[in-house]
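The values are calculated or read from the model by the stated rules, or taken from the named source; none is laboratory data. Remember, it's a predicted structure, so these values are computed and weren't measured experimentally. Neighbour counts run over all protein chains shown; Cβ positions are idealised from the backbone, glycine included. For accessibility, only protein heavy atoms count, side chains too; no ligands or nucleic acids. Shrake-Rupley method; radii C 1.70, N 1.55, O 1.52, S 1.80 Å.
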Amino acid sequence: MENKYLLQGKLTAKLGQQKELADILIQASQLMSTATGCQLYVVSYDKEDEASVYVTEIWNSKNDHDNSLKVEGVRELIMKAMPILAIPPTKGQELEILGGVGI
């Protein structure tokens, strides 16, 4: 399989602000739909966890992912999300894609 860049991230919102954080990340997904090299940008949560929001991204390359931070509007969404995070974001988990359906 052609090398792609997969990033799995978890963000933790302050109590009661999970939906607001998810909404911001869904807005980001709309911006990513126009970013070069974005194959997948999925926002999800665990029904048993009232604070965490997960983002799964697949890019053609790490460089494409890094450049996505320059897409107009992305920095504004980051600044909007920061005050509602319970803990600072950590670097997402970089995973190697081995295969599967839909990529």
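Data overview
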| item | result |
| --- | --- |
| Qualifying residue in the range 3-25 (condition: at negative phi, of a type in the set (D, E, K, R) and modelled with pLDDT under 95) | yes |
| Some residue of the range 79-87 being in contact with a helix residue (DSSP H, G or I) (Cβ under 6 Å, 6 or more places away or on another chain), of a type outside the set (D, E, K, R) and not in a loop (DSSP other than H, G, I, E, B) | yes |
| Among residues of the range 1-24, those that are in contact (Cβ under 8 Å) with a residue 40 or more places away in the chain, charged (D, E, K, R) and outside any loop (DSSP other than H, G, I, E, B), counted | 2 |
| Identity of the residue in the range 71-100, crowded, with 16+ Cβ neighbours inside 10 Å and of a type in the set (G, A, S), that ends up nearest to the chain's Cα centre (by Cα) | G92 |
| Leading residue by the ranking (farthest from N67 (Cα to Cα)) among those in the range 1-41 that are open to solvent by 70 Å² or more (accessible area, probe 1.4 Å) and of a type in the set (K, R) | K14 |
| Residues that are over 15 Å from the mean Cα position of the chain (by Cα) and under 29 Å from G16 (Cα atoms), drawn from the range 47-70 | K47, E48, D49, E50, A51 |
| Out of S44, S68, S61, S52, sole residue that is without any contact (Cβ under 8 Å) to a residue 60 or more places away in the chain and exposed (fewer than 13 other Cβ atoms within 10 Å of the Cβ) | S44 |
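Here is a yes/no grid of residues against (1) of a type in the set (A, V, I, L, M, F, W, C); (2) part of a loop (DSSP other than H, G, I, E, B):
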site	(1), (2)
I26	yes, no
Q30	no, no
T36	no, yes
E50	no, yes
Y54	no, no
E57	no, no
V71	yes, yes
R75	no, no
P89	no, yes
